[in-house]
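Report on one structure; see the data block that follows.
Just so it is clear, none of the values below were taken in a lab; they were calculated from the coordinates. Here the structure is a predicted model, which is why all the values come from computation and not from measurement. We place every Cβ from the backbone using ideal geometry, glycine too, and count neighbours over all the protein chains shown.
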Amino acid sequence: MARYRAAVCRQCRREGIKLFLKGARCFTEKCAIERRNYPPGQHGLSRTKLTPYGVQLREKQKAKHIYGVLESQFRRYFERAEREKGITGENLLKLLERRLDNVVFRLGMAASRREARQMVGHGHFQVNGRKVSVPSYIVKVGEVVQLRPRSKFAERAADNLAAGRAAVPPWLQVDVNDKKGTVRGLPMREDIQIPVQEQLIVELFSK
C-alpha cells in the first residue's frame, strides 16, 4: 500500500496553513506552523509570487495532503468525479470524504486521517459486520462502520471520542458507547469544511 513517508509537517508549512495531519500535536505550540510559518527548504523565507498555474497546483496539492492520497489515486478520483452527474469539483470532494479512513476520522475515532488510515489498514474496523482493511473503501448510505470487538485500539478510539476535537458532520451519526457510526446520507458541499477551492483543481486538470 503506497503512502507518503516523509515528514508530514513539511506539507503544512508548504501550504502555509494547518492541515491537522498529526492529531493532538497540531493543537499545541509544537505545531510546525506555530514554530516556523514559512515553506521548508533553504529558500523558504524568500518571497515568491505564484503564477495562476502555481495557485491551481497548490490547491490540488493541498487537497492531496489533507486526504493523504497520492497523485495517481487523486487523478482516478477526478476521472470518476467527471463521469458522475453534477459539479465535478464537488463530486471530487464528496468522493474523498466517503473514503473509509476519512469517515473514521470524521466520526472522531481517530485523531487524524493518518491514524485512521493505519487503524483501517491493520483491520481494526468493520463495515456492516464485515472486516474491511482498505482505507480507500467508499462508504455507502446506510452502512455501519464499527471498531471490531476486542480491537487493541479500543482504548485509543475511546480517548479520541472523549476528546471531541471536531464536530461530527450531519451526514454521519456516531454511537460513542458502541464505537460505531452510521452513514445517514451523502455529504453536501457545505458539510465539507476544508480550505480548498475545488474549482481551481478542475481548471488545472482541464488544461
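Among Met188, Met119, what is the fewest-to-most ranking by other Cβ atoms within 10 Å?
Working: Met188 13, Met119 26.
Lowest count first: Met188, Met119.
Give me the percent relative contact order of region 100-186, please, defined on Cα pairs under 8 angstrom at least 6 residues apart.
That works out to 32 percent.
Loop only by DSSP, 14 or fewer other Cβ within 10 Å of the Cβ. Give me the GluC sites (Glu not before Pro) in region 97-187 that pass, ordered by residue number.
Working: sites: Glu97, Glu115, Glu143, Glu155; in loops: Glu143.
Listed in order of number, the matching sites amount to none.
For region 157-162, just list the computed ³J(HN,Hα) in residue order, Karplus coefficients 6.51, -1.76 and 1.60, θ = phi - 60°, integers in Hz, with x standing in for Gly and Pro.
5, 5, 5, 5, 5, 5
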